[in-house]
Amino acid sequence: MLLTLISFTGYSQKSGIITYKAFYNESPATEDIKKQSEAAYYAERQREEIAKTLRFELHYKDGESLFFMTDMLNSDGFDATNVMTTQSTFNGLDTFYTNVKTDEALEVAEILGQKITIKSKISNIEWKLTPETKTIDGHKCYKATTTYKFHWSGKDRTNAVTAWYDPAIPVKLGPTRYAGLPGLILELNEDYRTWVVEKIDFKPEKKPRITKPNDKSAITRQELDAKVDDMRQKFISNARG
């Protein structure tokens, strides 16, 4: 991986644009799937390749940020359904806003065909800091862990989350919904997915794009759980006729 640092002196900068790329921690194209269905196996192989083409940007200024998918390096030859599925898997259809000064986090997600804004607090993330380190493109990063609890298909679920952050870059932000660590998150592993930094630009040619989502109709994660369960039950009832 090649990490481009536009300005080493930019660590004191209050704004910038961070580019991340993504990949699966383990290949989703397993031998078990291949035994069940050759078509499913090759679809998973294609999704694995699609994930590597996805690019995301974290735009930040004065503790306020917006994280979103920006592009695919090459979509030629990929099945459209596999592209959409992979983008959804890596939260590419969602937008994440955070403000460390006001302790706000807003996630605009497409759930069951609806755009829903979910509100929470950055301080609700219970990070466990560890002394474990690893080097990511010349950066000494420290390991922090947490869990992401959510509700789906009528069940409470939990994803393991590992973040590698560099305290030498005092930007308390990172990919998707994760923030609040004493340094920029250069790599984030959530369940079977990883986002890893590709480029750090403290003096971007374009102005960081940060627009706070309209939060007038924002709901909490608990309210979302109840809403999704209700939508799911109505969908099942309608399908049964």
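The values are calculated or read from the model by the stated rules, or taken from the named source; none is laboratory data. No experiment lies behind these values; they were computed from the predicted model shown. Here Cβ is always computed from backbone atoms with ideal geometry, including for glycine, and neighbour counts include all displayed protein chains.
Points to keep in mind about this one:
- Tally of residues being assigned to a loop (DSSP other than H, G, I, E, B) and of a type in the set (A, V, I, L, M, F, W, C) across segment 116-142: 2
- Residue check, VAL171 surrounded by 20 or more Cβ atoms within 10 Å (Cβ to Cβ), touching a residue at least 24 places away in the same chain (Cβ under 8 Å), of a type outside the set (Ser, Thr, Tyr) and closer than 27 Å to LYS52 by Cβ: yes
Conditions (1) of a type in the set (Val, Ile, Thr); (2) in contact with a Ser or Thr (Cβ under 9 Å, 6 or more places away or on another chain); (3) assigned to a loop (DSSP other than H, G, I, E, B), marked per residue:
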{"position": "PRO170", "(1), (2), (3)": "no, yes, yes"}
{"position": "LEU173", "(1), (2), (3)": "no, yes, yes"}
{"position": "ALA179", "(1), (2), (3)": "no, yes, yes"}
{"position": "PRO182", "(1), (2), (3)": "no, no, yes"}
{"position": "LEU186", "(1), (2), (3)": "no, no, no"}
{"position": "ASN189", "(1), (2), (3)": "no, yes, no"}
{"position": "ILE200", "(1), (2), (3)": "yes, yes, no"}
{"position": "LYS203", "(1), (2), (3)": "no, yes, yes"}
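- Count of residues meeting criterion [at pLDDT 90 or above and more than 14 Å from LYS216 (Cα to Cα)] in segment 114-124: 4
- Members of segment 82-137 that are in contact with a Ser or Thr (Cβ under 7 Å, 6 or more places away or on another chain), over 21 Å from ALA163 (Cα atoms) and among the basic types (Lys, Arg): LYS119
- Filtered residue count, segment 97-113, keeping only those that are in a strand (DSSP E or B) and within 19 Å of GLN222 (Cβ to Cβ): 7
- Residue ID - modelled with the highest pLDDT, chosen from residues in segment 143-163 that are part of a strand (DSSP E or B) and more than 19 Å from the chain's Cα centre (by Cα): ASP156
- Screening segment 47-90 for residues that are in a loop (DSSP other than H, G, I, E, B) and touching a residue at least 60 places away in the same chain (Cβ under 8 Å) and picking the one that is farthest from ILE169 (Cα to Cα) gives PHE90.
- Filtering segment 200-235 to residues that are touching a residue at least 12 places away in the same chain (Cβ under 8 Å) and hydrophobic (A, V, I, L, M, F, W, C) leaves ILE200, PHE202, ILE210, ALA218, ILE219, LEU224, VAL228, MET231, PHE235.
- Which listed residue is buried (at least 16 other Cβ atoms within 10 Å of the Cβ) and modelled with pLDDT under 95, from LEU93, LEU54, LEU66, LEU73: LEU93
- Scope segment 11-46; condition part of a helix (DSSP H, G or I), touching a Phe, Trp or Tyr at 6+ places or on another chain (Cβ under 7 Å) and modelled with pLDDT of 90 or more; matching residues: GLN46
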